[in-house]
1. Only one of these conditions is not met by Phe706: (1) modelled with pLDDT under 85; (2) within 33 Å of the chain's Cα centre (by Cα); (3) under 25 Å from Gly746 (Cβ atoms). Which number is it?
2. Being at pLDDT 70 or above and outside the structural domain of Ser543 (by TED's automatic domain parsing) is the requirement here; does Ala644 meet it?
3. Among Ala108, Ala133, which is touching a Leu at 6+ places or on another chain (Cβ under 9 Å), surrounded by 20 or more Cβ atoms within 10 Å (Cβ to Cβ) and of a type in the set (Gly, Ala, Ser)?
4. Which pairs have Cβ atoms under 8 Å, sit 6 or more apart or on different chains, and link a residue in segment 85-103 that is charged (D, E, K, R) to one that is part of a helix (DSSP H, G or I) and surrounded by 14 or more Cβ atoms within 10 Å (Cβ to Cβ)?
5. Against the definition (assigned by TED's automatic domain parsing to the domain that holds Val753, closer than 30 Å to Thr750 by Cα and free of Cβ contacts under 8 Å to residues at least 24 places away in the same chain), how does Ala696 come out, yes or no?
6. Examine segment 200-219 for a residue that is among the hydrophobic types (A, V, I, L, M, F, W, C), buried (at least 24 other Cβ atoms within 10 Å of the Cβ) and at pLDDT 85 or above, and state whether such a residue exists.
7. Filter segment 246-256 for residues that are surrounded by fewer than 16 Cβ atoms within 10 Å (Cβ to Cβ) and of a type outside the set (Val, Ile, Thr) and give the result.
8. Which condition does Asp344 not pass, out of (1) closer than 21 Å to Lys255 by Cα; (2) surrounded by fewer than 21 Cβ atoms within 10 Å (Cβ to Cβ); (3) not hydroxyl-bearing (Ser, Thr, Tyr), if it passes all the others?
Amino acid sequence: MDHTRPSPNGERGISPRSRLRLSIGRRPRDLAQLGLVGGLLVLSVLLVLVPVNPVELAIYDQLGRIPAVSDPVWVVLRWCGTWAGIAAATAVAAYSGWIRVALLCAAAGSATWALALVMHQVLGLRQVAPTGAFPFPAEEVAVVTVLAVIIAPYVGGYARYAGWALAVLVGVAVVHLGGHLPLAAVGGALLGWGVGTLFHVVWGAPGRRVSDLVVRDELEQAGLAPRSILALRHRFMEPREFAVRTADGATLRVKVVRRMSRRAGAWYKLKRLLALLDVQDEPRLSTPHHEVEHEAYVTLLAERAGVRTPPVVLACDVEHAPALLVVRQVAGRRLSQLRAVEVDDELLAEIWAQIAALARARIAHHDLRAKNFLVDAQNRPWLLSFTFSHAGAGAARCARDLAEALVSIASVVGAERAVSSAIRALPAEQLEGALRNLLPMALPRRIRAQSPHGRFLMAEVREALADGLGQPIPGFRSPVRPVTVIGLLLIGAAVYLLLPELSSMDEVLLAARHANWGWLAVAVLTGFLAIVLSSISVQGSSSTPLPFWRTLAVQVAAAFTGRTTPGGAGFFGINVVYLERLGLRRPLAVGVTLLNQAGTGAVAFAVAVVGVFAVGLSGTFTHLSIPTGWPVLVGAAAVLVLAAAVLASPFGRRRIVAPSLEVGRELLDTLRHPVRAVQLFGGALGYLVVSGLGLAASLAALHPEFSWAAVTVVFIIGNTLGHLVPSPGGLGAVEAVLLAGLGAMGVPATAAVTAVLLSRLLTYWLPVLPGIAMFRYLQHKGVI
């Protein structure tokens, strides 16, 4: 069969339909989507097993009140989800010549219908008095959804959205006509979505892979006359590349962009926000074609500015195939492939000259990894891959570029050579800007991952650059911005307004007004005494003696930076910078901070285990109910199996097991030094116990009859578990766990809610205010 079409220059090209068929493949992302849909379907099945929610009944009632004059329309829509709809979709696809689509529609539609009937038999009918009994899921919605999912990749554009709109209308139809409840319509949509995704995983779908035939055809259309095309090895999630040799002997490199490569995630953006550096988000791009055009545009600008980069030959959007970027091939080796002895000082000077030319042209490359420097046969550097680039960049963006280049070059030749060559080639003002960006939170993982010890390499580069410029290591910048404060206040207001609803807002306010002010004053004192004990624990974490009063002042400031940032990132940052200012190298400073957190965690775990058993034997937790049965056993076994699989994986061994063993060895080594051991573990124990007594004092101001030891144990458990949630200060999670613990002790709801809110406010959030003043003072004195 001839699948060619005439090209604009009279030659034959691949037809759009053949182009579409050549792109059929499997997408790994569909597996994750299949897992998500499966989980939602299981959740909907579990909801079927409980009594019908009044909200669902209200929706059912409202949809049933749609005027009856529209019933013929709803009946026709419902037919779309029956065998008539499957037959119609199959017939239309077959008539249009899409035999593959027709077979998939028939198979997927039939399988979905059969699965829906099986679920009807297994789950039975949902009894709703006095309305009647309803099956789950809605087979009509499932059929329409699976047909929409199957057809969508072949039609594209707005047609795929029309399929989903039809599925929604069919869902409304089956509920309006009284055949199903709203949850059944949702379950049907999830079933159809899951089956359709499973078919894409097994048999593939268009737009998932690139054929060299498509690349050859597009190059021929552009008049480039390719002789040979060789697919190059590529990494997962990166653009596919081909090496092409043309009839005139030229060698081209073709980049095939199937997805957006500019994918800076939310976690990276959050870390940059916490670093508070003058870096901005990368500009948004709308489509892969836009990405290709953007890279071609910035590459041409860089070439015009004197930057040595392979010339752009072609940038095009291919119908029914990914966008292509074609550049001239430059023979040479990547900088990442060279040994340190192969990189001489002349080459380093040339590299810095290229980076300086970029900065003068106000172009930020944003991906200056060693692999994106190409060294040709004449020992000249070339810059590649302007995917993440930004034209019209300001000084902050260019400074970040320079920081990336310093880390990348240091990963090849070492920190000392990279820094010394940069100091010889570039003005001190530019290097000072780069110095402020040499932080793990400021640079993306692709830069840090070039060295097995990327975090430590960056610290070496920063320290060498600071020494070479005669500048101090950059101080800690405030991790809290106005938007962070506003978000924290909104979350806090929501928590502190919703928790009293567990009892009664009026009763909580009345209890707070009649609280014993003496006990509340004790609670305030425990909050500040806990900071003193925390500073003692930090002293015990360091093998180098730390000044007590200065360490205490830093911990007061950490009450501001650590309690207002997710995961306590501000606590780590301020302590690491403080230790660096005392002369400790970055790796040692990070190790001291991690050891302190590990010691506190170990003490909390030991106290929690011993305390639960001791207090439990006394019969204090009279209202504690532990779920039992097969579901709990299966869930616990699944969690253990998953944890074991993660720990046994290369990622788990590298990122969890190895660091944990190293910290464990450091903790054991601390025990060999009695003074440090008492400081570390005694300070951590004192911090936890005194903080727990703050909760007990708040409760004593309201409800004097309780066990102080039990409340302390409840606090230690709640504080430890709650801070696992990545919200500032564990806000919301800590309060919830503390309320559950006090409820298990039999404390009345009003007293428990009021005590938890007062304790958190007086012992945890109140020290933030002097922490702000101390933070500014320490900045002024150059301590942090």
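The values are calculated or read from the model by the stated rules, or taken from the named source; none is laboratory data. Not measured: the values here are computed from a predicted model. Quick reminder, even Gly has a Cβ in these numbers, built from the backbone with ideal geometry, and neighbours come from all protein chains shown.
1. Just one mismatch for Phe706, condition (2).
2. When the stated conditions are applied, Ala644 passes them.
3. Exactly one residue qualifies, and that residue is Ala108.
4. Here the result reads Arg100/Arg21, each pair linking segment 85-103 to a residue that is part of a helix (DSSP H, G or I) and surrounded by 14 or more Cβ atoms within 10 Å (Cβ to Cβ).
5. Details: assigned by TED's automatic domain parsing to the domain that holds Val753: yes; closer than 30 Å to Thr750 by Cα: yes; free of Cβ contacts under 8 Å to residues at least 24 places away in the same chain: yes.
So Ala696 passes the test.
6. no
7. Scanning segment 246-256 gives Ala247, Asp248, Gly249, Ala250.
8. (1) is the only condition that Asp344 fails.
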